[in-house]
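Participant: This structure is in structure tokens; I'll ask about it shortly.
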Amino acid sequence: MEIWLNELAKRDILDKVYILIGITPIKNYKIACYMNDTVPGVFIPDKLMKRMEAAEEKGNAAEEGVQ
């Protein structure tokens, strides 16, 4: 993160950008729950939460999370 922020600072981007967006795959059901419950602005639909929970039980949550 520090390296990335330093690169943005070198390019004088930090003074121009007010929203930084990050994309990450949902690797397991626990992470999906955490993101849905505690990360501001994140909403994971119930249908996807159920798919992640079922995939976790089958042992292929990481695979399901990138679909």
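The values are calculated or read from the model by the stated rules, or taken from the named source; none is laboratory data. The model shown is predicted, which means the values in this text are computed figures rather than measured ones. FYI the Cβ positions are ideal-geometry reconstructions off the backbone, even for glycines, and counts take in every protein chain you see.
Participant: When residues of region 28-55 are filtered for being farther than 16 Å from Gln67 by Cβ and β-branched (Val, Ile, Thr), how many remain?
Facilitator: Of the residues in region 28-55, 3 are farther than 16 Å from Gln67 by Cβ and β-branched (Val, Ile, Thr).
Participant: Give the residue, chosen from Val39, Val17, that is at pLDDT 85 or above and out of contact with any strand residue (DSSP E or B) (no Cβ under 6 Å at 6 or more places or on another chain).
Facilitator: From the options Val39, Val17, the qualifying one is Val39.
Participant: Further question on the same structure: Can you give me the number of residues within region 32-67 that are touching a residue at least 12 places away in the same chain (Cβ under 8 Å) and among the aliphatic types (A, V, I, L, M)?
Facilitator: Just the residues of region 32-67 that are touching a residue at least 12 places away in the same chain (Cβ under 8 Å), to begin with: 32-33, 36, 44, 48-49, 51-53, 55-56, 61-62, 64-66.
Okay, now just the ones that are also among the aliphatic types (A, V, I, L, M), so 32, 44, 48-49, 52, 55, 61-62, 66.
Result for region 32-67: 9.
Participant: Turning to a different aspect of this structure: If you scan region 15-48, which residues turn out to be in contact with a helix residue (DSSP H, G or I) (Cβ under 6 Å, 6 or more places away or on another chain) and in a helix (DSSP H, G or I)?
Facilitator: Tyr29, Ala32, listed by residue number.
Results for (1) of a type outside the set (Lys, Arg); (2) exposed (fewer than 13 other Cβ atoms within 10 Å of the Cβ); (3) over 19 Å from Met1 (Cβ atoms), shown as yes or no for each residue.
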{"site": "Pro25", "(1), (2), (3)": "yes, yes, no"}
{"site": "Asn28", "(1), (2), (3)": "yes, no, yes"}
{"site": "Tyr34", "(1), (2), (3)": "yes, no, no"}
{"site": "Phe43", "(1), (2), (3)": "yes, yes, yes"}
{"site": "Asp46", "(1), (2), (3)": "yes, yes, yes"}
{"site": "Met49", "(1), (2), (3)": "yes, no, yes"}
{"site": "Ala61", "(1), (2), (3)": "yes, no, yes"}
{"site": "Val66", "(1), (2), (3)": "yes, yes, yes"}
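Participant: Still on this model: Please go through region 1-34 and give me each residue that is within 25 Å of Lys50 (Cβ to Cβ) and not basic (Lys, Arg), ordered by number. Please lay out each step first, then the result.
Facilitator: If we filter region 1-34 for residues that are within 25 Å of Lys50 (Cβ to Cβ), which is where we start, we get 22-34.
The answer is Gly22, Ile23, Thr24, Pro25, Ile26, Asn28, Tyr29, Ile31, Ala32, Cys33, Tyr34.
Participant: So, one more: What residue, among those in region 1-14 that are part of a loop (DSSP other than H, G, I, E, B) and either at pLDDT below 85 or within 14 Å of the chain's Cα centre (by Cα) (or both), is farthest from Val66 (Cα to Cα)?
Facilitator: Filtering region 1-14 for residues part of a loop (DSSP other than H, G, I, E, B) gives 1, 11-14.
Going one step further and asking which of them are either at pLDDT below 85 or within 14 Å of the chain's Cα centre (by Cα) (or both), we end up with 1, 14.
Values: Met1: 22, Leu14: 30 Å.
Selected residue: Leu14.
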